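The values are calculated or read from the model by the stated rules, or taken from the named source; none is laboratory data. Owing to the predicted nature of the structure, the values given are computational and were not obtained by experimental measurement. Neighbour counts run over all protein chains shown; Cβ positions are idealised from the backbone, glycine included. Areas reflect the complete protein model, heavy atoms only, side chains present, ligands, DNA and RNA absent. Shrake-Rupley method; radii C 1.70, N 1.55, O 1.52, S 1.80 Å.
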Amino acid sequence: MPSRLSTGVDVLDRELGGGVPAGTVVAYEAPPASQGELLLYELTRPRPTLYLTTNRTEQAVRDAFEATKAPTGDPEIGYVPGADSLENARRAFRSVPTESTVIVDPADALERADRSRYENFLNELANHMRNVGGVAVLHCLDSGHETPLRGTTEHMADVVFKLRVSEDNGDIESRLTVSKFRGGTAPDSSIKLNLGERVQVDTSRDIA
């Protein structure tokens, strides 16, 4: 089993020294009105992936994968109903094979559960990912109105990615920060990205 698993995004792998450790749980925070989903789609490329959607239909997610020009894998897509979403998500991730990726998009519905149940869910998810040598990614919408348990997600996750989007004179700038990397070294600067048709490094303007 490799000690590091590729994220599927070359620039991110380079910044992280080859990827993330096997068994990692990642919290990926991104504004809902952004191209942040492109990174999720590319995360499906390196390994078999279970993509759990908590709000869009399975068909809507399949249509998005078919429409994107970003390099992706061929994930298994499942819908997690709002009623007892924690238990439904738990049943789903327990079946993933060795060295798989699990994506929950978005995780906000899970963060509205009872705190102790949510903490148990995150502990079970982390333990299962360690057992199978996989990676779990919780897509957390950053809308300025955090769910009650967002701090719990950030604390218990091993790695935290934060996408920040700003506008200057009509130009959109997207920057990805690795604010937490448990067991590793987080990059000391943000990565400027071009989120057009796929995830690429933005070299148009070198702004520190």
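Would you pick out the residues in the range 69-83 that are assigned to a loop (DSSP other than H, G, I, E, B), open to solvent by less than 60 Å² (accessible area, probe 1.4 Å) and within 30 Å of S3 (Cβ to Cβ)?
Hits for the range 69-83 are A70, P71, T72, G73, P75.
Among the residues of the range 176-188, are any within 22 Å of A33 (Cβ to Cβ) and not small (G, A, S)?
Yes, the conditions are met somewhere in the range 176-188.
Yes or no: the range 101-121 includes at least one residue that is at pLDDT below 95, outside any loop (DSSP other than H, G, I, E, B) and more than 24 Å from G19 (Cβ to Cβ).
Taking every residue of the range 101-121 in turn, at least one turns out to be at pLDDT below 95, outside any loop (DSSP other than H, G, I, E, B) and more than 24 Å from G19 (Cβ to Cβ).
May I ask you to say which residue of L86, L52, L39 is open to solvent by less than 40 Å² (accessible area, probe 1.4 Å), in contact (Cβ under 8 Å) with a residue 40 or more places away in the chain and part of a helix (DSSP H, G or I)?
L39
Yes or no: S166 in contact with a Leu (Cβ under 6 Å, 6 or more places away or on another chain), farther than 27 Å from S3 by Cα, part of a strand (DSSP E or B) and modelled with pLDDT of 90 or more?
When the stated conditions are applied, S166 does not pass them.
Return the only residue of V160, V165 being open to solvent by 10 Å² or more (accessible area, probe 1.4 Å) and under 20 Å from A33 (Cα atoms).
Exactly one of V160, V165 is open to solvent by 10 Å² or more (accessible area, probe 1.4 Å) and under 20 Å from A33 (Cα atoms), namely V165.
Mind listing just one residue for me: the one in the range 131-163 that is at pLDDT below 95 and in contact with a strand residue (DSSP E or B) (Cβ under 9 Å, 6 or more places away or on another chain) and, of those, farthest from V199 (Cα to Cα)?
T147
Among the candidates S179, S190, single out the residue that is within 25 Å of D13 (Cβ to Cβ), open to solvent by 50 Å² or more (accessible area, probe 1.4 Å), of a type in the set (S, T, N, Q) and in contact (Cβ under 8 Å) with a residue 12 or more places away in the chain.
S179
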